[in-house]
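One structure below.
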Amino acid sequence: MRIRALVKRIIRQFIRDKRTLAMMFIAPLLILTLVNLVFSNNDYEPKIAVVSDQAMIIKKLETTDKAFSAYSNSEAAIEDLEDEKLDALIEVNLSSTKITLEGSNPTANKASVVTIEKALKEMSPQTSEQSSIKPEINYLHGSADMETFDYIGPFLIGFFIFFFVFLIAGVSFLRERTTGTLERLLATPLRRWEMVAGYVLGFGIFTVIQSAIIVAFAIYVLDIMMAGSIWFVILITLMLAVTALSLGTLLSAFAKNELQMIQFIPLVVVPQVFFSGLFNIETMADWLQPLSYIMPLTYGGEAIRNVMIQGCGWGNIYDEVLILAGFSLLFMTLNVLALKKHRKL
């Protein structure tokens, strides 16, 4: 009888807690759907420029595979490689065949080389002399020794910072509210925006330390590729942490306990993994790709990758930094508005 009464009580608690029910039944279905959409995709289709003094070779390559497009000179192609509009450049001359890979993405590198080698083999006997020559392969960024971890590592750095700051900040701010600390602060002349700014700055001190430790560990212990300045990486991770901090405190206003705060993870954090660039966005369905624009990790991860792999400086990453700052200001403003239900000042 006592066991039956306990079972009934637990069942009633679950029925009343709609968020827990959604966490148990809907969230797994959502995540499985995301995984299916991400991994049920087509192979990566590279974009390859062709430069040659022989019009016949250019025409043959273009007709062999739609990945190839003719360029009048290698300088224009190299410029597009720098802007990541191309994945590779093949220069075919009478005496040599040269391939230049953009180099940042191992998947794109492999797809480009396979496509080029296949096209050269399929060329007609009139061009068999060129196709028999082993191409010389150069890398604009990275190298032949670049590992997959070097490519996904920058995004993992950003993700772990975002995830832990989001979770810790949200739970901590929630405890401030549930233990009555927030109510006592609201009873003082402290304005709502001052309260939000204080929490962000207070937690921000620890996010600076966290960012520096994670970045230093990845570079000096895990030996991840680092072509740019570590200070730019720390700056980007700090901006990403502030974004996660402000978002975590915002969502904590809509949670009643720590469990409900954790329930936001499948809705907020998991999509960041799939649509931020950790997996190749271009291989996803066209209607899914725009989702990457609303993910803060998209901008943070891309900026970190550009610094660590391509050696980019401030001129190449300031757009992403400003966007992250915009996300932070938006979430902090919404934080101020969310506090209205506690005090209208």
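Pick from the stretch 255-265 the residues that are modelled with pLDDT under 80 and touching a Leu at 6+ places or on another chain (Cβ under 7 Å): which of them is most open to solvent (accessible area, probe 1.4 Å)?
E258
Tally time: how many residues in the stretch 282-303 are touching a Leu at 6+ places or on another chain (Cβ under 8 Å) and open to solvent by 20 Å² or more (accessible area, probe 1.4 Å)?
Total meeting the criteria: 2.
Would you please list the contacts, defined by Cβ atoms under 7 Å and residues six or more apart or on different chains, that run from a residue in the stretch 182-208 that is at pLDDT 70 or above to a residue that is open to solvent by 70 Å² or more (accessible area, probe 1.4 Å)?
As it stands, the answer is R191/L345; R192/L345, since those pairs meet every condition given.
Residues that are over 25 Å from F149 (Cβ atoms) and open to solvent by 10 Å² or more (accessible area, probe 1.4 Å): does the stretch 84-92 have at least one?
yes
Residue-wise test of (1) closer than 28 Å to D319 by Cα; (2) touching a Pro at 6+ places or on another chain (Cβ under 6 Å); (3) open to solvent by less than 70 Å² (accessible area, probe 1.4 Å).
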position	(1), (2), (3)
I168	yes, no, no
A212	yes, no, yes
A216	yes, no, yes
I234	yes, no, yes
T249	yes, no, yes
A253	no, no, yes
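Can you spot a residue in the stretch 157-177 that is at pLDDT below 75, out of contact with any strand residue (DSSP E or B) (no Cβ under 6 Å at 6 or more places or on another chain) and not basic (K, R)?
Checking the stretch 157-177: at least one residue is at pLDDT below 75, out of contact with any strand residue (DSSP E or B) (no Cβ under 6 Å at 6 or more places or on another chain) and not basic (K, R).
Given I294, I304, I309, I317, which one is at pLDDT 80 or above, out of contact with any helix residue (DSSP H, G or I) (no Cβ under 8 Å at 6 or more places or on another chain), of a type outside the set (S, T, Y) and closer than 17 Å to F155 by Cα?
One residue alone meets the criteria, I294.
The values are calculated or read from the model by the stated rules, or taken from the named source; none is laboratory data. Note that the coordinates shown come from a computational prediction; the quantities given were computed from them, not determined experimentally. Quick reminder, even Gly has a Cβ in these numbers, built from the backbone with ideal geometry, and neighbours come from all protein chains shown. These area figures cover heavy atoms from the full protein model, side chains too; ligands, DNA and RNA do not enter into them. Shrake-Rupley method; radii C 1.70, N 1.55, O 1.52, S 1.80 Å.
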